[in-house]
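*Asks:* Please read through the structure below; I'll follow up with questions.
Every number here is computed from the coordinates shown, using simple stated rules; none is lab data. Bear in mind the structure is a predicted one, so any value in this text is a computation, not a measurement. Heads up, the Cβs are rebuilt from the backbone with ideal geometry, glycines too, and the neighbour counts pull from every protein chain shown.
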Amino acid sequence: MGQYLIGLDNGGSDIKCAVFDLDGNELAVASMQVPMDFPQPGFTERDAEQVWTANVEVIREALKRAEVSGGNVAAVGLTGYGNGMVLVDEGFCAVYPAIVSTDDRAGDYCQRFREDGTERRIFPYTLQTTWSAQPAAMLPWFRDHRPEVLEKTRWILSIKDFIRLRLTGVVAGEITDASSGCLVNLDIRDYDMRLFEILGVEDCYEKMPPVLESTEVSGYITEAAAKETGLAAGIPVAAGYFDIDANALASGVLSENELCLIAGTWSINEYLSKTAPKDIDQKQNTVTLSYLNEYYIMEDSTPTSASNFNWFIRSLIRPDRPDAPIHEIYEECNQAVEAVRPEDSKVIFVPYLFGSATHADAHGAFLNLTGSDDRDSMLRAVYEGVVFSSMHHVYNLKRPVESYTKARLSGGVSNSEVWSQMMCDALQIPIETLEGSEPGAKGAAMGAGVACGIFADLEDAVKHMVHIGKIYMPRTEYQAVYAEKYKRYEAALRAVDLLAEQI
């Protein structure tokens, strides 16, 4: 058996491949972006063949950088953004561009489902309400607007299902991913015809792939895929995970007492729970099935995190420093933020440049600027705004923060000691960061290690592959300072929401 594990992560921004040894050391990472297409307002698509080609290239590049032969890989794990769709025909060719999870074409259908009682009827089975990129909303849209596409479609796949198909020739889905699409009965852990009938898309029921458990072997690398990727034919491919599950697993979260914070492109905040509200009127958070069979994942997330910082660098720092190495800019930013005491900075930043956590039409803003403020004041406000965005979601989880024994933090924020300590001081719970840069790919690789028998179970995989980077303890002297600033942040959210309502 090989001595390395591969994780493939098909995200909404980057497609990444990482190679790990059996101790969880990240040996190499390769990534690539596939251009987004926006053919109409609200549409977000990618060319499916370009997505597959990008997967081929990152696998080849990661193996090369790791200096690992494809024959020494024990197993491959998959993860990817949830929802969206790839529609393929009998010959496994895409009949429509791959739809990304930020697509909003079916937004009006979600509104209709709320108003006509459809959501209330499906909730007891799914424990979810609809949102626009879910297959539950997308399929009615295609029924009404592109019926000819559905007629050509044999299989309705997630993005990682499509990559699995190309790697193994096997049509399959996976339970954590499928459970997010509002078409799975969470009690029976499978698609339920009653849901398709309620939504008026019963003809699509037979187009859904068989649903596998996450650590099942879903297939094996084919000879054709081996020639393209450099992997050896016959390597097992695990069913994989929805990306929020892969990240939480790679954070080593195995109990209800741990909070998982992912602060990268998205602010993803989640915890494991053995119970979930069965009454739509008691719904609090997004509920999906988790990587641990006896638990749900309770999640609250929006794209309101560190991507806002990247915008600040690109727009307000990089023009003056076009040739500066990015690591130098990051370090200078950390130093500038650390030099400003939190109690001396009154500027508030709303990190809504790429999405909103409140009103759908609310956008980013700096508030409370004065003539004495400078770029460093604004930079500190960006750091704080991203932290406060996480706090907003953590509070939306409707569970006392003090009930968590600790939080595990990953994503771009975790790479900054200044930023990580700020998150710790604001939430007032211990925070642990993790070694490695690609938790999604690592979580996928961990599941693959279980699937191929290297690890006995997920607890064993965590024991071998999850390593703590740095531990931050909350400084109580900042508790009142950040509590007061967070109140002003929430007031700022109400202000941008009010503005959105007037436009």
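*Asks:* For K283 and E331, calculate 0.36 nm times their separation in residues minus their Cα-Cα distance, and state this gained length in nm to one decimal. Working shown, then result.
*Replies:* Working: separation 48, 0.36 × 48 = 17.28 nm, distance 4.19 nm.
Answer, rounded to one decimal: 13.1 nm.
*Asks:* With only alpha-carbon pairs counted, each pair once and no self-pairs, how large is the Kirkwood hydrodynamic radius of segment 275-326 in angstroms?
*Replies:* 14.7
*Asks:* Suppose every Lys and Arg Cβ carries +1 and every Asp and Glu Cβ carries -1, with no other charges. What dipole size does the chain come out with about its Cα centre, to the nearest 20 debye?
*Replies:* Around 280 debye, computed over the chain.
*Asks:* Which aspartates and glutamates have a Cα less than 19 Å from the Cα of K227, not counting those fewer than 8 places away in the same chain?
*Replies:* Those aspartates and glutamates meeting the cut-off are E49, E57, E61, E67.
*Asks:* Can I ask one more? Segment 390-420 to segment 276-312: how many Å between their Cα centroids?
*Replies:* A separation of 13 Å, based on Cα centres.
*Asks:* Here's another thing I want to ask about it. Pull up the cross-link candidates among the aspartates and glutamates for K485, meaning alpha carbon to alpha carbon under 16 Å and not fewer than 8 places away within one chain.
*Replies:* Filter leaves E343, D344, E384, D425, E477.
*Asks:* On the principal axes of its Cα set, how long, how wide and how thick is the chain? Give whole Å, largest value first.
*Replies:* Result, largest extent first: 65, 56, 44 Å.
*Asks:* Hey, another quick one. Spin-label point model (7 Å from Cα, Cβ direction): what's the I188 to D457 distance in nm?
*Replies:* Between I188 and D457, the label points sit 2.8 nm apart.
*Asks:* While we're here: Ranked from highest to lowest mean number of other Cβ atoms within 10 Å per residue, what is the order of the peptides 174-183, 386-395, 278-287?
*Replies:* 174-183, 386-395, 278-287
*Asks:* Provide the descending list of Cα extents for segment 1-56 along its principal axes, expressed in whole angstroms.
*Replies:* Computed over the Cα atoms, the extents are 47, 17, 13 Å.
*Asks:* Rounded, prolate or oblate: pick one for segment 116-172, where a ≥ b ≥ c are the square roots of the eigenvalues of its C-alpha gyration tensor, a/c under 1.5 means rounded, and failing that, prolate if a/b is larger than b/c, else oblate.
*Replies:* Since a/c reaches 1.5 but b/c is at least a/b, the shape of segment 116-172 is classed as oblate.
*Asks:* Past 27 Å, Cα to Cα: identify those pairs from K398/K442; K283/K406; K283/K463; K207/K398, in the order given.
*Replies:* Details: K398/K442 29 Å; K283/K406 25 Å; K283/K463 34 Å; K207/K398 37 Å.
The pairs that break the limit, which is 27 Å between Cα atoms, are K398/K442; K283/K463; K207/K398.
*Asks:* In the calculated pair distance distribution of segment 302-410, what percentage of Cα-Cα distances lie above 20 Å?
*Replies:* Summing the P(r) tail past 20 Å for segment 302-410 gives 48 percent.
*Asks:* Quick one: what does P(r) look like for segment 361-503 with 10 Å bins over all Cα pairs, in whole %?
*Replies:* Per 10 Å bin, starting at 0, the Cα pair percentages come out as 10, 31, 31, 19, 8, 2, 0.
*Asks:* If you don't mind, there's one more thing I want to ask. Please report, in whole Å, how far the alpha carbons of segment 247-338 spread along each principal axis, starting with the longest.
*Replies:* Between the extreme Cα coordinates on each principal axis of segment 247-338 lie 54, 29, 21 Å.
*Asks:* In whole Å, how far is the Cα centre of segment 448-496 from that of segment 138-180?
*Replies:* 33
*Asks:* Compute for segment 98-233: radius of gyration divided by Kirkwood radius, i.e. Rg/Rh, restricted to C-alpha atoms, rounded to two decimals. Could the numbers behind the result be given before it?
*Replies:* Working: Rg = 16.0 Å, Rh = 15.8 Å.
Radius of gyration over Kirkwood radius for segment 98-233 works out to 1.01.
*Asks:* A follow-up question, please. Within the chain, which whole H helices from DSSP have a Cα span along their axis of at least 20 Å and a mean Kyte-Doolittle hydropathy of -0.5 or more, if any?
*Replies:* Working: long enough: 48-66 (27 Å, -0.21); 375-396 (31 Å, -0.10); 479-502 (35 Å, -0.46).
Helices meeting the span and hydropathy rule in the chain are 48-66, 375-396, 479-502.
*Asks:* Moving to a separate point now. Full extension from A483 to Q111: what is 0.36 nm times the residue separation minus their Cα-Cα distance, to one decimal in nm?
*Replies:* 130.4 nm
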